[in-house]
Amino acid sequence: SVSSIVPESCLLIVVGLLVGGLIKGVGEKPPILKSDIFFLFLLPPIILDAGYFLPLRPFTENLGTILIFAVVGTLWNAFFLGGLMYAVCQLGGPGLNHIGLLANLLFGSIISAVDPVAVLAVFEEIHINELLHILVFGESLLNDAVTVVLYHLFEEFANFEQVTILDIILGFLSFFVVSLGGVLVGVIYGVIAAFTSRFTSHIRVIEPLFVFLYSYMAYLSAELFHLSGIMALIAAGVVMRPYVEANISHKSHTTIKYFLKMWSSVSETLIFIFLGVSTVAGHHYWNWTFVISTLFFCLIARVLGVLVLTWFINKFRIVKLTPKDQFIIAYGGLRGAIAFSLGYLLDYKHFGMRDMFLTAIITVIFFTVFVQGMTIRPLVDLLAVKKKQETKRSINEEIHTQFLDHLLTGIEDICGHYGHHHWKDKLNRFNKKYVKKCLIAGERSKEPQLIAFYHKMEMKQAIELVESGGIGKIPSAVSTVSIQNINPQTLPLERVLPALSKDKEEEIRKILRTNLQKTRQRLRSYNRHTLVADPYEEAWNQMLLRRQKARQLEQKVMNNYLTVPAHRVDSPTMSRARIGSDPLAYEPKEDSENLPIITIDPASPQSPESVDLMSEEPKGCSGLPPSPEEDEEGLVMRVKEPSSPGTDDVFTPGTSDSPSNQRMLRCLSDPGPRPEPEEGEPFIPKGQ
């Protein structure tokens, strides 16, 4: 009943305090948590467990946010806290005046980092949602590089007589060396572990040993060169896991899983108990001003850092961090044994105020673990913060998630935007094409194991059915090949189909999840900026639109002016015959020799659009006398010149665009019923 209210870490510290008090009460000296024991033996199992089983998808999707909190947030906390504590020491009286700026900055770098052990102990009990858990826990893992760099930097600067600009620049560059160097060491050992597991098929017993061995070697190698051991362990666990699990047996996988959980749980228990014992056994120097100021400024720096950084991060995030999320992130900044061990490592020769630093560090640890750790659960319930889903996602959800990933990758390709889906797809294809062939043994590197695993499971199920006497109830999915040469035993009265164990179900789920969705093949890349435009396409489109408008306009005008339906336009021969049969109506004027010229489109001479009135200029205006042949011909037919693709014969301005010409065109195409001489004048009266 107590553990449901008080976190386990708090109870373990209380146990350590009681044990330390008992040891001291009987006159013995209690043991102290030495830094070598902590960093070499107790911390690596916890970090390896966290890195090996790290939820990779939410971690990579929020990597930018985690890095900003881990790097910028830790730097802000260290310098803000160190600067304010230096001001407090200058104003705090004679007991604090001798503490310089470098010592305060070193103290700020020790106390500013969020502790992964404390975060794991508290956040796993309250079952917070995956986003908040990975943000706080990821920050606590990745800020190790910043803490290591600042700690060693200020420790070295304390030995210098004068710190130059070059030293500061080198210290800044050492951050990249420490962080990226730790990651590189972890990746190298992870690849070696994966390659080694390829050849362990005949010695399954020692397969788990290689995982622990290479991970621990990665941590020691990084610490040997003052690189980030925590980042090396995380990188090694993340890199080796997919390849190692494809090579090792299922029993080895179960061994690794439970041994890591047990090992990290034992280390966590020992760390918190030793914290309680060391509190009783250590030398303390209590200064109210320094301790209370440290506690207050730690809380202020954490809140201000989270608020400012979240305001900046939300400008780039699709899923924004709400005020509730910001409160949980700020409230979950717990300190733990890493800060205590770093404080314990300080040398009395250069830091005579070490006991006061340790007292302030222990006070901050106890406050964050007890007060914040005990109150975060009721606050999460009070604020109705989303909890973690206890049930696993179904195969349907996982397949649709992968389908959406591929869909978003395709959308990014079409848009020409290289987002994280694009790079993730490139990495997956590189992994499948090159890395898997080198690090995974057998056919697993080439083809999915779904069919092979099904046959294996089918054979085992058939044998179990026959041995149990269930031959009569073999399902239709079991092939007859699987059960031949098997001697059935006596049928029992009750036949029960064997149920799948949880391990088998988990293996089937993993195979389906990794193999059902095929990665798409790479096609020619499409970019809307590199399409070749057709120079004729726009001109033809405009011409078609203009012709359509012209037909609509012509139809409207004909409906207004014509009283009878238009008949088909006659051929040139029929037109001449009609004019010759009725010379009074169509005889041109004698003085101007004005003859309308009709052009015929040779492509389709019978179409209504092929007859167009192009020119009504009087032939006499050209300066040449009319020839008798032209006088006899009447209407002159001329072949229409072909238009260029960019022009249109409908709306090209010319001499035939006047209203009188358009009216004559309409009447020539359809003169209508011929009127009687006494009812009206002819169309072109003689002698006009």
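The values are calculated or read from the model by the stated rules, or taken from the named source; none is laboratory data. Please read these numbers as outputs of a predicted model, since none were measured by experiment. Heads up, the Cβs are rebuilt from the backbone with ideal geometry, glycines too, and the neighbour counts pull from every protein chain shown. Areas reflect the complete protein model, heavy atoms only, side chains present, ligands, DNA and RNA absent. Shrake-Rupley method; radii C 1.70, N 1.55, O 1.52, S 1.80 Å.
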Looking only at the range 415-442, count every residue that is open to solvent by 80 Å² or more (accessible area, probe 1.4 Å) and in contact with a helix residue (DSSP H, G or I) (Cβ under 8 Å, 6 or more places away or on another chain) and tell me the total. 4
Qualifying residue in the range 95-105 (condition: over 30 Å from residue 352 (Cβ atoms) and either in contact with an Asp or Glu (Cβ under 9 Å, 6 or more places away or on another chain) or surrounded by fewer than 21 Cβ atoms within 10 Å (Cβ to Cβ) (or both)): no
Considering only the range 131-246, give the helices (runs of 4 or more DSSP H) lying wholly within it that have at least 3 residues that are in contact (Cβ under 8 Å) with a residue 60 or more places away in the chain, closer than 30 Å to residue 100 by Cβ and open to solvent by 10 Å² or more (accessible area, probe 1.4 Å). 144-157
Of a type in the set (Val, Ile, Thr), at pLDDT 90 or above and farther than 17 Å from residue 81 by Cα - does that describe any residue in the range 285-305? no
Sole residue being among the small types (Gly, Ala, Ser) and under 35 Å from the mean Cα position of the chain (by Cα), chosen from 25, 20, 64, 16: 64
Condition met for residue 348 (modelled with pLDDT under 90, over 20 Å from residue 136 (Cβ atoms) and either touching a Phe, Trp or Tyr at 6+ places or on another chain (Cβ under 6 Å) or not β-branched (Val, Ile, Thr) (or both)): yes
For residue 352, all conditions in the list (1) in contact with a Pro (Cβ under 7 Å, 6 or more places away or on another chain); (2) outside any helix (DSSP H, G or I) hold save one; what is the number of the exception? (1)
Determine whether residue 369 is assigned to a helix (DSSP H, G or I) and either modelled with pLDDT of 80 or more or among the charged types (D, E, K, R) (or both). yes
